Amino acid sequence: MKKILSLVLALCLALCMLSFVSAEEEVPTVKIITLGNGQPENYEAWITKLNEYVVEKIGAKLEVECIGWGDWGSRRSVIINTNEAYDVIFGDSGNLRQDVAVGAYLDITDLLAENAPGLVDLIPGGYWDACRVNGRIYGVPTYKDSSITQYFVWDVEVLKELGLEEEAANCHTIEDATPILQKIKDAKGEASFPVTKDGVSQIPFIFDAFGAGLRGIGVRYNDKDAKVVKIFEEEDIMEQLKEVRGWYESGIINADAPNLAEGPTYKACFLAQGWSLAAKTVWGPNMGKELVAYTFGPTILSNDSVLGSVNFVSVNSKHPDKALAYLNLINTDSKVRDAFYYGLEGENFTYTENGRVHKNADKGWGLAGYTQATFFNVTPTDDVEFNQWDEVHELNDAAEPSVLLGFAFDSSKVDDQIANCKTIWDRYHPELLTGSVDPETAVAAMYAEMEAEGLSDIIAEAQAQIDAFLGK
């Protein structure tokens with residue numbers, strides 16, 4: 001009898017174990033591919049702790065691959081073009097239409113209300129419109145500093161040392177910056193405005209590229225006629241390119257810039273999109289310096305600014321409902337948002353008694369915060385008395401809308417031409433935007449090559465659609 005009871009108990013235990021294993025296997029995994037400094041050293045501990053909470057919330061666990069800045073473009077291209085398995089991937093305006101054209105992303109239009117109601121409530125309607133292709137939504141825009149404000153960011157110590165504080169405070173253009181940067185370069189004996197191969201990419205930001213994914217053409221944000229132009233032929237843009245050419249020739253920009261994938265951590269001055277308080281909360285801490293930021297140009301809300309950070313669900317995702325549930329969670333749950341933004345609680349950061357975040361300075365975190373989700377549910381840090389996200393909200397509210405806000409370009413008739421012209425842009429822009437070539441010569445040559453690949457067709461198609469959008 002005892003043997004029979006023992007066998008029955010053993011059988012029951014085995015069945016329980018099988019049920020447990022089966023239940024574990026049934027928990028789906030959402031794979032996220034994002035951008036930053038590469039996979040964090042404490043990734044395993046971080047993801048294990050995070051998943052304890054996430055599984056409870058959405059019935060799925062997460063797997064995160066963080067690709068380094070220098071490898072991002074090439075690695076991402078391989079992922080998309082080889083149909084590598086993932087559920088959610090970060091992207092921007094350069095990815096949306098070209099990747100939709102190759103069938104990479106899932107149409108989430110009819111899935112949002114059921115699987116991500118928090119996202120629908122959080123993100124304004126016009127932002128969703130920027131993510132549409134042929135009327136359908138293919139991405140989740142990151143509701144953050146979704147308007148564009150560019151800043152000159154300066155090392156306060158250097159400004160004080162050289163007596164340049166007042167000049168920097170009044171510097172709002174490329175031309176204004178030249179004498180200041182030259183004085184710093186001469187005093188320090190090194191490039192005062194070091195850049196990578198992306199160069200001074202902020203120069204054309206006042207043009208709305210209407211999501212075509214081709215930086216060479218656009219509509220000036222406040223042009224009521226909404227004329228599609230070749231951006232780098234515009235007089236004010238050409239003048240800035242010439243000024244940057246002077247920076248390169250005088251050593252203000254580093255000589256290796258056109259071939260540099262990742263730049264130095266320290267920069268006496270740089271241009272960046274953000275908000276002024278980011279000098280104290282983001283840029284300064286990242287550099288280990290006291291920094292100050294002053295505006296470069298107007299604050300604009302455009303399709304491009306909205307598409308500066310988007311997360312896409314793979315068309316091949318086995319669990320699109322869970323992928324959207326994850327995006328809903330990270331945008332509405334501060335615990336998950338803080339984990340992605342700050343790292344492992346107890347190691348990278350801790351919560352203070354008054355509900356702020358204390359960052360452990362010797363435990364840096366490498367995932368790029370702007371790629372992940374809204375900023376407006378990130379817990380403020382304890383080293384400042386203000387809430388920097390209030391300023392971001394104010395900038396969004398005060399932004400001048402582009403004349404094309406909400407316009408969705410249907411590129412289907414010119415996809416091949418866009419792809420060919422984009423290849424030409426990718427080849428020219430590292431030299432053009434770093435100042436390592438004569439801009440007049442380079443711009444003329446670049447557009448001549450683009451014309452041979454159908455640039456006029458792209459412009460004509462875009463203009464016709466824009467005119468229809470504006471009721472002309």
For segment 359-382 and segment 126-152, distance of Cα centres in Å
21
Using packing as a proxy for protection, rank 91-100, 178-187 so that the peptide with the highest average count of other Cβ atoms within 10 Å comes first.
91-100, 178-187
Globularity ratio of segment 407-472, using Cα Rg and 2.2 N^0.38 Å:
1.29
How large, in percent, is the carbon and sulfur part of the accessible surface of the chain at a probe radius of 1.4 Å?
51
Per-residue HN-Hα couplings for segment 47-59, Karplus 6.51 cos²θ - 1.76 cosθ + 1.60 at θ = phi - 60°, whole Hz, x for Gly and Pro?
5, 5, 5, 4, 5, 4, 8, 5, 4, 4, 7, 10, x
Projected area averaged over all directions for the convex hull of the alpha carbon atoms of segment 160-314, nm², comes out at 10.9
Which cross-chain or sequence-distant (5 or more) residues have an amide H under 5 Å from the amide H of Leu62, H modelled 1.01 Å from N in plane?
Val30
Using the scaling law 2.2 N^0.38 Å as the reference, what is the normalised Cα Rg of segment 134-236?
1.40
Output the direction-averaged projected area (hull surface divided by four) of the convex hull of the alpha-carbon atoms of segment 32-154, in nm².
10.0
What are the equivalent ellipsoid semi-axes of segment 340-472, built from the alpha-carbon gyration tensor (square roots of five times its eigenvalues), in whole angstrom, biggest first?
44, 22, 14
Over 27 Å (Cα to Cα) among Lys197/Lys335; Lys230/Lys472; Lys227/Lys422; Lys289/Lys335; Lys183/Lys230; Lys422/Lys472 -> Lys197/Lys335; Lys289/Lys335; Lys183/Lys230; Lys422/Lys472
Counting each pair of different Cα atoms once, what's the Kirkwood radius of segment 177-265 in Å, rounded to one decimal?
14.5
Cα-based Rg of the chain per 2.2 N^0.38 Å, rounded to two decimals?
1.07
What is the extension gain from Thr265 to Glu26, computed as 0.36 nm multiplied by their sequence separation minus the C-alpha to C-alpha distance, in nm to one decimal?
81.7 nm
Taking 22 Å as R0, compute the FRET efficiency from the Cβ-Cβ separation of Ser77 and Glu451 and round it to 0.05.
0.30
What accessible area per residue comes out for segment 420-461, rounded to a whole number of Å², with a 1.4 Å probe?
40
Mean ellipticity per residue at 222 nm, deg cm²/dmol - from DSSP H runs of n ≥ 4 across the chain, formula -39500 (n - 2.57)
-13000 deg cm²/dmol
Would you mind checking the tilt of helix 72-81 against the longest principal axis of the Cα atoms of the chain, expressed as 0 to 90 degrees and rounded to 10?
60
Averaging over every viewing direction, what projected area does the convex hull of the Cα atoms of segment 225-284 cover, in nm²?
6.5
Report relative contact order for segment 206-288 in percent, whole number only (criteria: Cα-Cα under 8 Å, sequence separation at least 6).
13
Relative contact order for the chain: what is it in percent, counting Cα pairs under 8 Å that are at least 6 residues apart?
25
In degrees, nearest 10, the alpha-carbon axis of helix 235-250 is tilted away from the dominant principal axis of the alpha carbons of the chain by 90
Provide, in order from the shortest bin, the percent of all Cα-Cα pairs of segment 160-220 in each 10 Å bin, continuing until the bin that contains the maximum pair distance.
18, 37, 26, 16, 2
When you take every Cα atom in segment 280-414, what is the radius of gyration, and what is Dmax, the widest Cα pair distance, in Å?
17.8, 58
Sequence gap at least 6, Cα distance under 8 Å: using those rules, report the relative contact order of segment 354-455 to the nearest whole percent.
22
Computed over segment 347-414, Cα set: Rg, Dmax in Å:
18.1, 58
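The values are calculated or read from the model by the stated rules, or taken from the named source; none is laboratory data. Here the structure is a predicted model, which means the values were calculated and not measured. Quick reminder, even Gly has a Cβ in these numbers, built from the backbone with ideal geometry, and neighbours come from all protein chains shown. Note: areas computed on protein heavy atoms with side chains; ligands, DNA, RNA excluded. Shrake-Rupley method; radii C 1.70, N 1.55, O 1.52, S 1.80 Å.
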